[in-house]
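One structure below.
The values are calculated or read from the model by the stated rules, or taken from the named source; none is laboratory data. In this text the structure is predicted, and so the values were computed from the model without any measurement. We place every Cβ from the backbone using ideal geometry, glycine too, and count neighbours over all the protein chains shown. With ligands, DNA and RNA removed, areas are computed over all heavy atoms of the protein, side chains included. Shrake-Rupley method; radii C 1.70, N 1.55, O 1.52, S 1.80 Å.
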Amino acid sequence: MAKYLKTYPEKCSACGTCMDVCSETFFKEKNPLKSAIKIEPKDGRVLMTVCDQTCRLCVDECPVQALTVNSAGVVLLNKNKCIGCLACVSVCPINAMMWFEGGQTPFKCIACGKCAEACPEQALEIVEEG
Amino acid sequence: MTQDLNKIKSGHKILKEWSYELKPVDKGYNMRTLYVNISDNTVAEKAVSEEMKMTFTGGKGFGMKLLWDGVKPETKWNDPENEICIATGPIGGNTNYPGSGKSLVVSLSPLTGIPIDSNVGGYFGPYLKFAGFDAMEIQGKADKDVIVYIDGDEGKVQIIEAPYEAVDSHVIGEQIIDLFAKNEEDKINISSVSAGTGSDHAWIGCLNFSMWDKRRQGVRFKQAGRGGIGTVFRNKRIKALVVRFSNLSGVSNNPADIATVQKTGLKLHKEIIALDDQQCRMRKVGTAHLSEIMNEYDLLPTLNYKYGSHKDAPKISSDVFYNEFLSKGKPDGCWYGCTMACAKVAEDFELKTGPYKGQKVLVDGPEYETIGGCGSNVGIFDARDILEINFYCDTYGLDTISFGTMTAFIMECWENGILDKEKTGGLDFTWGNSDSVLELLHQISRGEGFGKIAGKGIREMKNYFEKHFGADRKFMDDIGMEAKGLEYSEYVTKESLAMQGGYGLALKGPQHDEAWLIFMDMVQGLIPTFEDKAEALHYFPMFRTWFGLQGLCKLPWNDIEPADNAQTSEPAKVPEHVQNYVDLFNAITGQHIDKEELILQSERVYNFQRVFNIRMGKGLREHDSIPYRSVGPVTVEEYESRAERYDKQLKEKVGIDPSGMSSEEKVKVMREYREDQYEKLIDAVYERRGWTKNGVPKPEHLKKLGIAFDDVLDVVNKHL
Ligand code: SF4
Ligand code: SF4
């Protein structure tokens with residue numbers, strides 16, 4: 001089972017709505033640094049960075065097992081257990097484990113779908129496979 | 001198990017309970033230490049003054065200061081006033097920068113009679129600090145076995161009579177978890193220190209620092225190996241020290257500037273993840289990768305350091321351990337946040353000998369030192385045997401390095417007829433006889449037979465063999481690889497004069513943690529003159545002392561290097577990482593040091609420790625002498641095995657034409673030359689360090705460092 005946020009960079013206009021919605025939902029402020037999805041225009045294309053829930057290297061790396069996979073196949077971070085070492089941030093091959101300076105724990109996409117609902121270009125979609 | 005536990009609990013009697021006020025750590029410090037006396041069951045806290053903090057910094061610095069105050073010049077290791085001090089340092093316990101969880105243990109060593117310091121992983125030191133204490137010192141001697149329990153959640157210390165717990169670490173480690181953890185989730189919050197039955201009888205006892213391994217559902221240990229602190233621990237009749245702390249977070253250290261701590265840590269994490277596979281493969285095999293490198297460069301101690309390589313060495317290479325024994329893909333750090341993760345584990349290892357025969361156990365390691373000491377150095381080229389020896393050394397509380405090196409000495413004595421079956425009580429010590437080596441271990445644990453003599457280490461064995469067996473003292477002094485009474489760690493130093501000094505001048509005795517200069521000196525030729533070598537023997541021991549002041553591990557300093565390190569002006573120092581340390585220290589403590597002040601912090605403690613050695617009667621030039629086996633070929637056999645190399649040196653360095661000389665003559669000439677070189681090196685290093693020709697720190701130097709206290713001057717003045 002894998003549930004994840006699928007991205008369609010060719011449709012994305014880089015308006016940043018998803019980042020606003022995400023950071024509002026989890027940090028109560030509009031701040032792209034606090035969004036679990038990152039949108040960066042690059043060389044005429046758009047780079048959309050978000051966890052695809054598949055490789056799970058972070059789950060293996062976490063020394064306190066604060067990262068686990070739920071029954072829907074989504075990787076979740078338990079803030080109460082996390083000791084903020086940032087090992088997971090460093091092993092993530094696609095830079096989708098997010099962290100901002102001074103933040104006590106990293107954070108990541110949990111495939112809640114709020115951003116997908118808000119995206120004006122349908123460039124995001126929650127997909128369930130398997 | 002529950003039945004056992006009930007029985008164990010029924011034996012518990014609380015001898016003392018003491019409460020303290022819980023306060024958060026402030027910028028890496030608590031500004032207080034814990035004092036426990038188990039003779040009269042006193043528990044107290046001692047304030048750390050601003051002067052103590054600025055002079056001794058923390059970690060081993062605090063340990064040395066507390067020990068100095070606790071003992072007298074005539075104190076012996078087994079006197080009640082000897083102490084065991086445990087401390088991490090101001091950086092210790094942060095969860096961001098790899099290698100930040102070390103505890104430093106300090107005590108008067110049974111082997112050397114002077115202060116020993118040992119650097120160890122596991123959770124105890126950091127938890128102790130977060131429980132409220134920058135260090136703990138234990139003094140006194142209990143009548144009956146005790147546990148000292150520090151509850152960092154409740155603010156309470158107990159001394160508990162503990163008659164029924166086991167002594168061997170892999171057993172008591174689990175018992176402690178079951179006794180003190182409230183539930184499954186709580187196990188991770190408990191850490192213990194224990195020794196083993198070997199420590200009851202031998203002088204090479206070590207301590208095991210525990211960590212609960214959630215993934216494997218078992219206790220793992222890291223060892224404070226060197227110098228016999230486990231022996232002191234059991235002599236005091238301590239079964240275990242236990243600490244609880246359940247509130248660990250990324251800011252438990254309360255750093256002045258968390259963002260810099262995190263950024264600096266993250267930078268190193270990323271470097272390790274990107275480069276370790278091409279560099280040292282620490283994440284896969286730990287320090288075991290060194291065995292093949294050392295073999296390749298003729299540095300792997302083989303048959304009591306006679307040689308530096310062996311045709312069978314591939315059988316104990318890291319690949320063999322990795323493919324056949326080590327578990328893979330687990331984050332095996334010895335403290336949280338160490339992505340270097342070198343603390344490797346063999347799981348489900350079935351024991352073939354001894355009291356735990358048939359049990360399937362976790363073996364921590366093997367570290368390179370264990371492979372060298374308990375493998376090649378004794379002629380054992382079987383990975384399984386090495387793991388079995390490793391396990392028993394650990395659970396019995398015995399240092400694998402001293403055990404390996406002293407067993408190599410025994411085997412060479414056997415080879416030379418100093419020992420035979422009659423003298424060993426039937427054990428055959430032919431090179432590579434692993435059955436005898438394991439039996440020796442079990443004898444040490446039981447305090448029986450030849451194990452009783454051997455367990456006291458090489459220096460005592462030399463005395464014993466001379467007195468009881470009429471053995472040739474000079475030969476034993478040449479081949480017995482000890483200095484100051486401590487056994488050598490596992491590198492062949494014959495071709496590196498600087499490293500001979502690195503060992504001979506190491507304050508605690510010949511351990512490589514002060515300086516490892518072999519490649520710089522021998523392979524890269526970067527420090528050709530005496531002055532160059534002396535500079536290296538100043539800078540590196542000072543720099544590396546700093547890890548012990550901070551609660552840091554040395555490995556993430558240079559067992560991983562930034563991609564562009566080779567292009568820097570001084571690659572051997574790893575300049576970017578030095579800057580990381582400066583940044584990290586400042587970010588945690590709010591101080592403003594630079595890399596020069598970093599060295600000064602170390603120099604204070606380093607010189608203090610040297611004076612401490614002098615105070616205890618073993619800190620002068622004569623005590624910095626080393627066995628000739630570490631300097632050059634003792635025997636004709638050794639000379640001839642590398643004849644081409646040595647003949648060339650006679651010609652080029654000594655200026656003598658070896659043709660026509662007998663091997664005996666060549667050995668003699670070579671020896672005169674090399675011994676003279678060593679003395680010249682010592683002169684140069686003392687000069688660089690601000691010491692007299694007799695190895696005594698000069699008063700003006702002590703003044704410059706700010707450690708010219710009256711009691712310090714009193715010691716040096718007697719030797720000027
Ligand atoms: S930062 Fe937290 S979640 Fe990530 S590896 Fe460290 S403890 Fe685990
Ligand atoms: S590098 Fe190894 S020994 Fe050092 S802290 Fe990390 S896991 Fe522990």
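What to note about this one:
- Relative contact order (percent, whole number), region B:3-100, Cα cutoff 8 Å, 6+ residue spacing: 21 percent
- For region B:2-244, share of DSSP beta bridges that run antiparallel, in % to the nearest 5: 80 percent
- Interface size A-B, as summed buried accessible area [1.4 Å probe, Å², nearest 100]: 1900 Å²
- Whole-number Å³ per residue for the convex hull built on Cα positions in the protein assembly as shown: 170 Å³
- For region A:50-84, heavy-atom accessible area (probe 1.4 Å) falls by no less than 30 Å² from the chain alone to the full protein assembly at A:D60, A:E61, A:P63, A:V64, A:Q65, A:K81, A:I83.
- Protection-proxy order for peptides B:132-139, A:102-109, B:277-284, B:167-174, each taking the mean of Cβ atoms within 10 Å per residue, highest first: B:132-139, B:167-174, A:102-109, B:277-284
- Accessible area per residue for chain A is 50 Å², calculated with a 1.4 Å probe on protein heavy atoms, without ligands, DNA or RNA.
- Taken over the C-alpha atoms, region A:2-124 has Rg and Dmax values of 14.0, 41 angstrom.
- Its relative contact order, with pairs defined as Cα atoms under 8 Å and 6+ residues apart, puts chain B at 15 percent.
- For A:K11, the lysines whose Cα falls under 20 Å of its own Cα, not counting residues fewer than eight places away in the same chain, are A:K38, A:K42, A:K114.
- Candidates per trypsin sites (Lys or Arg not before Pro) in region B:605-701, loop by DSSP, up to 14 other Cβ within 10 Å: B:K693
- Qualifying aspartates and glutamates (Cα of each under 19 Å from Cα of A:K6; at least 8 residues distant if same chain): A:D20, A:E40, A:D52, A:E117, A:E121, A:E125, A:E128, A:E129
- Distance from region B:611-662 to region B:232-298 (C-alpha centre basis), Å: 36 Å
- Shape call, region B:276-487: gyration tensor on alpha carbons, a/c limit 1.5: prolate
- Per-residue 3J(HN,Hα) values for region B:489-497, derived from phi via the Karplus relation 6.51 cos²θ - 1.76 cosθ + 1.60 with θ = phi - 60°, read 7, 9, 9, 7, 10, 4, 9, 10, 4 Hz in sequence order (x marks Gly and Pro).
- In this structure, B:K704 and B:A259 have a Cβ-Cβ separation that, at R0 = 45 Å, corresponds to a calculated FRET efficiency of about 0.80.
- Anisotropy class of region B:2-244 from Cα gyration tensor, a/c 1.5 cut: rounded
- The chymotrypsin sites (Phe, Trp or Tyr not before Pro) of region B:647-720 that DSSP puts in a loop, and whose beta carbon has at most 15 other beta carbons within 10 Å, are B:F709.
- Cα-based shape type of region B:409-462, given that a ≥ b ≥ c are square roots of the gyration tensor eigenvalues and the cut on a/c is 1.5: oblate
- Per-residue [θ]222 nm for the protein assembly as shown (sum of -39500 (n - 2.57) over DSSP H runs n ≥ 4, rounded to 500): -11000 deg cm²/dmol
- With all protein chains kept in place, the per residue accessible area of region B:8-54 amounts to 54 square angstrom at a probe of 1.4 angstrom.
- Of B:K494/B:K653; B:K187/B:K222; A:K34/B:K328; B:K65/B:K595; B:K236/B:K474; B:K76/B:K187, pairs whose Cα-Cα distance is over 26 Å: A:K34/B:K328; B:K236/B:K474; B:K76/B:K187
- Tail weight of P(r) past 20 Å, computed on alpha-carbon pairs of region B:402-494, percent: 28 percent
- Heavy-atom accessible area, 1.4 Å probe, ligands and nucleic acids excluded: residues of region B:262-280 down by at least 10 Å² from chain alone: B:Q262, B:K263, B:L266, B:H269, B:K270, B:I273
- Between region B:669-711 and region B:108-172, the Cα center-to-center distance that results, in Å: 36 Å
- Percentage relative contact order, region B:90-202, counting C-alpha pairs under 8 Å, at least six apart: 16 percent
- Within chain B, the ratio Rg/Rh, alpha carbon atoms throughout and Rh by Kirkwood, equals 0.94.
- Portion, in percent, of the accessible area of the protein assembly as shown that falls on carbon or sulfur, probe 1.4 Å: 48 percent
- Threshold 10 Å² - residues in region B:324-338 whose accessible area is reduced by that much or more when the chain is no longer isolated, probe 1.4 Å: B:G329, B:P331, B:Y336, B:G337
- Percent of C-alpha pairs per 10 Å bin in region B:519-620, short distances first: 13, 39, 34, 12, 1.
- Rolling a 1.4 angstrom probe over the protein heavy atoms with all chains in place gives region B:203-301 an accessible area of 28 Å² per residue.
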